[in-house]
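Encoded as structure tokens, the structure appears first; notes follow it.
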Amino acid sequence: MRSNLRMLRAVTPLGWAVACCALAALAAGYTLGWAELVTIGWAAAVLVAVALAYLFGGTSHRISLSLPVDRVVAGERVPGQVDVQNPTGRRLGAVTVQVPVGAGGVAEFPVPSLAAHAALDEVFVVPAEHRGIIPIGPVHTVRGDPVGLVRRESVLAQRIDLYVHPRTIAIPSMSQGFVRDLEGTPTRDLTSSDIAFHALREYQPGDDRRSIHWKSTARTGRFMVRQYEQTRRSHLLVVFSLAPADYAGDEEFELAVSVAGSLGVRAIRDARTVSVLVSSGPLATVTPTRLLDGLSGVDLAPAAASLRTLARQAARSVAGLSVVFLVCGSSTPLAVLRAAAAGFPLGVEVVAVVCDPGARPGLVRSGNLSLVTIGFLDDLKQSLARGAAA
């Protein structure tokens, strides 16, 4: 019963049309006594019967899909390979192998009849021109007649996701003056163990005895302990929204993604504490690869939170911030950037990176806000170096 249902589902619309024409021609021909219609009806019936013969027998091919890499940078091309094997002891018939690539793309090639235990390799190319996640597969085998009356598909290989990372640039650590200048800076918070010495005070119950300053204790006759100013380790936050209103077009948004990736990767490689926040939530920053994987999947969304909303959320939820990068497009008003910067605590350096393709790079400081304008991704390196020297 199930096999009959699968066979009926394998008949294409063209096949059903030819079968209906065969029945109609035979009925009309015998009723009216027209030999021509009878001939046409039997010819169509034979054609349908021959097409159905292609559906008998199962698909015994063994197929595997592989890519040399599963992560590339936008603009590259990746070769894929499909290995087709005949694991049986008999000859298998010819089939067509189809590999879905992305949205709507299909790599298709015919596989001839394979002898027992024979194998065949086919190579196709995946164009990874734009950032994103490209689904490849699952691989289908297609059996059908040459006319196209029947078509039977079988899924024989797994799906592979190809991560197309945004283009990033290597930012030398010396160029990140905004981060470097804050690293290890003493704060007003006092602690009993750190690097920056502040003063001596009298011992109190619960103090660490290792902090006792014995020379002062001997001189005063009372236990004296060292007190330090707590230094801070820079916590870098990168914020950029997925709201279309913050960008003048897709080119600005792609530049913003590359900026966020470049800043995040540099901070991770410098072993700094870094967070990357987008409208859909925080991205993983355990390794540069995990961050770039997350950036591969982001896209503009009409209902996404704006940059100002994200900055307000970050100011409330992310603790210990020292440097904040607000990455946006040219459509974001300066008043919004100033309001977003004002929402962060005093002492937090806020840098707004305005992505305006083709614009002349520039740097303007206004209070705790540094406004950096870049026209190309390579401008980011020079702008950060200029900010360190300013």
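Details
- Residues in segment 140-164 that are more than 12 Å from Val95 (Cα to Cα) and either open to solvent by 20 Å² or more (accessible area, probe 1.4 Å) or part of a loop (DSSP other than H, G, I, E, B) (or both): Val147, Gly148, Leu149, Val155, Leu156, Ala157, Gln158, Arg159, Ile160, Asp161, Tyr163.
- Restricting attention to segment 261-309 and to residues that are assigned to a strand (DSSP E or B) and open to solvent by 50 Å² or more (accessible area, probe 1.4 Å), the residue that is nearest to His235 (Cα to Cα) turns out to be Thr273.
- Residue count for segment 316-325, restricted to those that are of a type in the set (A, V, I, L, M), open to solvent by 30 Å² or more (accessible area, probe 1.4 Å) and more than 10 Å from Val239 (Cβ to Cβ): 1
- Counting only strands (runs of 3 or more DSSP E) that sit completely within segment 20-120, those holding 1 or more residues that are open to solvent by 70 Å² or more (accessible area, probe 1.4 Å) correspond to 62-66, 71-73, 76-85, 105-111.
- Of residues in segment 362-380 being modelled with pLDDT under 90 and in a loop (DSSP other than H, G, I, E, B), the one least open to solvent (accessible area, probe 1.4 Å): Asn368
- Filter result for Ser383 (buried (at least 18 other Cβ atoms within 10 Å of the Cβ), of a type in the set (Gly, Ala, Ser) and part of a strand (DSSP E or B)): no
The values are calculated or read from the model by the stated rules, or taken from the named source; none is laboratory data. Remember, it's a predicted structure, so these values are computed and weren't measured experimentally. Because the Cβ atoms are built from the backbone with ideal geometry, glycine has one as well, and the counts that use them run over all protein chains shown. For accessibility, only protein heavy atoms count, side chains too; no ligands or nucleic acids. Shrake-Rupley method; radii C 1.70, N 1.55, O 1.52, S 1.80 Å.
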